[in-house]
Amino acid sequence: MSIAIAIALALIIGWACLRFLPAGAEGRMPLPYLIAFIHFLWIPSALCGVLAAAQGYWHLAVLAMVLAVIIAAFDLPYYRHTLRMLRRNAQPEDSAQHDLQQSSQHTSDAAQRTPYEFSVMTLNCRYGRADARMIVEAVRSRAIAVLSLQEMSENLLNHLAAAGLNQLLPHHQIGTMRDTDNGGFNGIWTNLPVTAAIADTVDIPAAAVPSLVVAVPQQCAADSRTILCASAHPKSPMRGCAQWSRGIIGLAGVNSNTRAASTIVMGDLNANLHHPSFRALLRSGLRDATLSQGTGRIPTFPIWLPWPRLELDHIVFSNGLEARAVESFAIPGSDHLALAATLSVTR
């Protein structure tokens, strides 16, 4: 039994270490899928710890529990604001009062320079099967200013127009249709003033990445801020592992090649924080909305399985923006949850 537990722990350690591969090196089957489930490895590790303790193998029990804690700690970046609030609540009263005074001052200052806010939403439409009326209703009820859709079909595009999407979001850009489309083409809509529209913003081995450059009011300034908003969908690993990895890393070109002041990339990115390629994308100067909010993970796939559900859909953005009110919700016909966030122009 001790040998079996030791082997199981060795396998878990090796599995978890896949997280630390160089970006792009995970582009081989079945590595993307193994890495996607690293988040859940604390469970078998903890079970090994319980079993080892029950058998009296205390050295293995301690090792298993330490391993479970380390794996669970990989997700701490998603909870940093929650942890900050817990630390603040644990402070002595005089320190808490000082923080309250500082917070009041910051609130007063913020009231004098309220940033411009707008809501964005992204959804994988599952080969164009998502309910067009429910997409339009979500845009209307949540006052969405920028909508990003992936895996679209011409039939869905017609249904969206018939449901009134173009009245709510009159400006749009559809990605160039080509043989490399994975599940369908991408599109992006907005009701913000548009200064430019691009059918294929960056060359990646997947569906074209359409974008709109919008102009929004700038905080404490009379002029406006330009923001490039793009809809992206790198290939899934099953459609080509190496292309999947190159597509995720290549999205950094959306931010580096634009002359807009800020960048927003939304879509089904087929990756989570454990994938080295996704972390390389974030190191290029983009921030993830869920990470920025810092109150927990927001998994989006698959819609029919509450657990274990993976975080594959993302809203990432460059400097000059902040995210709050990040949430997911169901749209009938899709196998992904929609993801929405409120973004504010900070400087």
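The values are calculated or read from the model by the stated rules, or taken from the named source; none is laboratory data. Since the structure is predicted, the reported quantities are computational estimates derived from the model, not experimental observations. Quick reminder, even Gly has a Cβ in these numbers, built from the backbone with ideal geometry, and neighbours come from all protein chains shown. Quick note on the areas: whole protein, heavy atoms, side chains included, nothing else; ligands and nucleic acids left out. Shrake-Rupley method; radii C 1.70, N 1.55, O 1.52, S 1.80 Å.
Listing for the model above:
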| quantity | calculated |
| --- | --- |
| Charge dipole (the chain, unit charges on Cβ, about Cα centre) - positive-most of A16, F317, V265 | A16 |
| Where segment 300-343 is the region considered: accessible area per residue in Å², 1.4 Å probe | 34 |
| Percent carbon-and-sulfur accessible area, segment 186-316, ignoring ligands, DNA and RNA, probe 1.4 Å | 56 |
| Calculated on alpha-carbon atoms, Rg and Dmax of the chain in Å | 22.0, 71 |
| DSSP beta bridges in segment 221-339 [antiparallel fraction, %, rounded to 5] | 60 |
| Ranked by how many other beta carbons lie within 10 Å on average, peptides 223-233, 254-264, 174-184 from highest | 223-233, 254-264, 174-184 |
| Extreme residue, positive dipole direction of the chain, given options Y78, V216, H172 (C-beta unit charges) | Y78 |
| For a label point 7 Å along the Cα-to-beta-carbon line of H171, residues of segment 198-213 with backbone N under 19 Å | 198-202, 209-213 |
| Whole-Hz couplings from phi, Karplus 6.51/-1.76/1.60, listed for segment 8-15; x for Gly and Pro | 4, 5, 5, 5, 5, 4, x, 4 |
| Inter-probe distance in nm under a simple model that places probes 7 Å from Cα toward Cβ, at L11 and E327 | 4.1 |
| Residues with amide H under 5 Å from that of L310, placed H, sequence gap 5 or more | T300, F301 |
| FRET efficiency, 1/(1 + (r/R0)^6) with R0 22 Å, evaluated for R283 and L76 via beta carbons | 0.75 |
| Cα centroid separation, segment 248-291 to segment 24-49 (Å) | 22 |
| Accessible area of segment 144-197 divided out per residue, in Å², using a probe of 1.4 angstrom | 41 |
| Normalised contact order of the chain, rounded percent, pairs of Cα under 8 Å and 6 or more residues apart | 19 |
| R0 of 45 Å, Cβ-Cβ distance W58-M238: FRET efficiency to nearest 0.05 | 0.55 |
| Heavy-atom accessible surface of segment 1-88: percent carbon and sulfur, 1.4 Å | 78 |
